[in-house]
Amino acid sequence: MIMIGGALGGMLRLAVSNALARLAGSHFPWGTLGVNLSSTAAIGLVAGMMPAPDLSARSLMWYMLVAGLLGGYSTVSSLSLQTLSLWQSGRHQAAIFNMGGTCLGGLMLLALGFWLGRAPW
């Protein structure tokens, strides 16, 4: 079920991202921004509708929707939910580290991968 959700999420991401890019133009990645913002809103909605005391108590439907569909749709939604959870539980430094570390680390690894991909081995 999770795999099916992931496949559907990936197809949905492509459709929505391309539609937004056609509507808004290509001077900014509006498609990706729209997908990431809408997936974050959707995961918040799912989390609000399907509360559980901790991740071990989540249902199969939760994993199908969050890890599958929304995970395939965007990876930013999980990061946002985890950071919000850390913040709401009073772990402010961990929340800041989670978001900042992911953003900065992602950019650094992107640059490293780009550099390695262009290296004349």
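Among rounded, prolate and oblate, which fits the stretch 55-121 when a ≥ b ≥ c are the square roots of the eigenvalues of its C-alpha gyration tensor, a/c under 1.5 means rounded, and a/b larger than b/c means prolate? If you can, show how the numbers build up before the last one.
Numbers: a/c = 3.98, a/b = 1.53, b/c = 2.60.
In terms of gyration-tensor shape, oblate.
How large is the direction-averaged shadow of the alpha-carbon convex hull of the stretch 2-90, in nm²?
Approximately 6.1 nm², given one-decimal rounding.
Taking the highest mean first, how do the peptides 38-48, 105-115 order by number of other beta carbon atoms within 10 angstrom per residue?
On the way: 38-48: 16.9, 105-115: 10.1.
Final packing ranking: 38-48, 105-115.
What FRET efficiency comes out for Met1 versus Gln93 if R0 is 25 angstrom and r is the Cβ-Cβ distance? Round to the nearest 0.05. Before the final figure, lay out the partial values.
Values: r = 36 Å, r/R0 = 1.44.
So, using R0 = 25 Å, E works out to roughly 0.10.
Under the 0.36 nm per residue contour assumption, what length would be gained going from the current alpha-carbon distance of Ala21 and Met49 to full extension?
Working: separation 28, 0.36 × 28 = 10.08 nm, distance 3.06 nm.
Length gained, Ala21 through Met49: 7.0 nm.
Quote to one decimal, in nm, the extra length available between Leu60 and Phe28 on full extension: 0.36 nm per residue of separation minus the C-alpha distance between them. Write out the running numbers ahead of the final one.
Numbers: separation 32, 0.36 × 32 = 11.52 nm, distance 3.67 nm.
Extending this stretch completely gives an extra 7.8 nm.
Counting only helical runs of four or more DSSP H residues, what would the 222 nm mean residue ellipticity of the chain come to if each run contributes -39,500 (n - 2.57) and the total is spread over all its residues? Present the calculation step by step, with values, prior to reporting the outcome.
Details: 5 runs with 87 residues, N = 121.
Calculated from helices alone, the mean residue ellipticity at 222 nm is -24000 deg cm²/dmol.
Set the Förster distance to 30 Å, then compute FRET efficiency between Leu112 and Met11 from the Cβ-Cβ distance, nearest 0.05.
Efficiency at R0 = 30 Å is approximately 0.50.
From the phi angles alone, apply the Karplus equation (6.51, -1.76, 1.60; θ = phi - 60°) to the stretch 16-25 and give each ³J(HN,Hα) in whole Hz, x where the residue is Gly or Pro.
5, 4, 5, 5, 5, 5, 5, 6, 9, x
Read the figures in this text as sums done on the coordinates, not as results from a lab. Quick caveat: nothing in here was measured; it's all calculated off a predicted structure. So basically every Cβ, Gly included, is an ideal-geometry build from the backbone, and we count neighbours across all protein chains shown.
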